[in-house]
Amino acid sequence: SCTPSPRIIKLHGTVPSHIPFIFTEEDYRTYPKKFAPFVNTVQQIMMESTVLLLGFSGDDPNFLQWSGWVRDNLGDSAPKIYLAGWLGLSPHRRRMLENNNVVPIDIANHPKAHEWPEHLRHQYATEWIIKTLQYGQSYKSKYWPSTHNYTDSVINDYLYPIEKNIQNTPKSDSRIGLSDPISLEKFREILEIWEHNRSIYPDWIVLPIEKHPILDLSIQYWENEFLFKYDDLSDDEKFKFLTEIIWLYQIKLVPLPQEIDKKWCTFAKKINFTEKTINGVSKTSEWSKIQLGYINNSLYSLTTSRLALDDEAFNNKLLD
């Protein structure tokens, strides 16, 4: 079954408010009936999902009734409920919460908690929790090749330490802000970025249509720049460039431009499979990677000729 998206539900009221406040014993007694849809929603969430409570003391009568109802119905199978904030729990209070299937996360134990002003403790604790959740998010492959950086917001010094979720995410190849002429070092960096982004491609059989404009920008930014500098590149860099640019066209299901196709056909002739060399230079240590790139590039070059109905070019490539 499909996991529901995370939901945020506001359980407490707001001051000032036009709705009745829940203060008295009678208010709590009649709450389940007066606010049955809301109570049912919360109980269903507690049955189906892992719940994180912020801004709760853990002894609210409604909360105790809801969590108790879930335990009564699901027993040991009931999902854990996490209670996070500045709690300042005694051992007895902690055990009581744990016995009610509530896992306390007491930010009063934060390394810098003793430095926080008393009137800001709850605010800082909530802020730390939200930042920790933000920095702990996992990169979703559906965002590829966008960087979709979760960790670009400022963390105030009083919140440290916050653990970051180190992930293997796409890198940006944007041309924006770079002045001409582009250095060879920058070209090499772009090739590394392309190779990295390809290595974490989500293996879509067909590239989603909304991804095409992003790859179009990569090609638009860099194809002509690389072609202009092509003769200044080493054979290894030429091979890497051709492999990456051909792959971009391939996943877009677009035939190769004539100049790219021509350069690959010319370069392919420098590869000697018997001696495992490129232009006479031994490549034994990286031969498997070169061999795979050669096969993929040549097959897509053949596909380009087939789509163009160019029998002569197709047959010549087969013979080569």
| remark: Of (1) closer than 30 Å to Gln43 by Cβ; (2) out of contact with any His (no Cβ under 8 Å at 6 or more places or on another chain); (3) charged (D, E, K, R), Glu118 satisfies every one except (1)
| query | Out of all the residues in the range 106-138, which are buried (at least 16 other Cβ atoms within 10 Å of the Cβ) and outside any helix (DSSP H, G or I)? | reply | Asp106, His110, Trp116
| said: With the requirement that a residue be in contact with a Leu (Cβ under 7 Å, 6 or more places away or on another chain), basic (Lys, Arg) and over 20 Å from Arg306 (Cα atoms), what does the range 230-278 give you? | reply: Lys240
| message | Which condition from (1) surrounded by fewer than 14 Cβ atoms within 10 Å (Cβ to Cβ); (2) over 29 Å from Ser146 (Cα atoms); (3) aliphatic (A, V, I, L, M) is the one that Ala313 breaks? | response | (1)
| task | Answer yes or no: is there a residue in the range 265-272 that is touching a residue at least 24 places away in the same chain (Cβ under 8 Å), part of a strand (DSSP E or B) and at negative phi. | result | no
| Which listed residue, of Pro213, Pro202, is outside the structural domain of Lys142 (by TED's automatic domain parsing), part of a loop (DSSP other than H, G, I, E, B) and more than 28 Å from Thr277 (Cβ to Cβ) | Pro202
| request: Name the residue, out of Glu189, Glu210, Glu195, Glu237, that is at pLDDT 95 or above, buried (at least 17 other Cβ atoms within 10 Å of the Cβ) and of a type in the set (D, E, K, R). | output: Glu237
| note | The residue from Ser183, Ser218 that alone is of a type in the set (Gly, Ala, Ser) and either modelled with pLDDT of 95 or more or within 24 Å of the chain's Cα centre (by Cα) (or both) is Ser218
| Of the residues in the range 66-101, how many are exposed (fewer than 15 other Cβ atoms within 10 Å of the Cβ) and either in a helix (DSSP H, G or I) or among the basic types (Lys, Arg) (or both)? | 13
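The values are calculated or read from the model by the stated rules, or taken from the named source; none is laboratory data. Quantities reported herein were computed from a predicted structural model and do not represent experimental measurements. Positions of Cβ are backbone-derived with ideal geometry, glycine not excepted, and every protein chain shown enters the neighbour counts.
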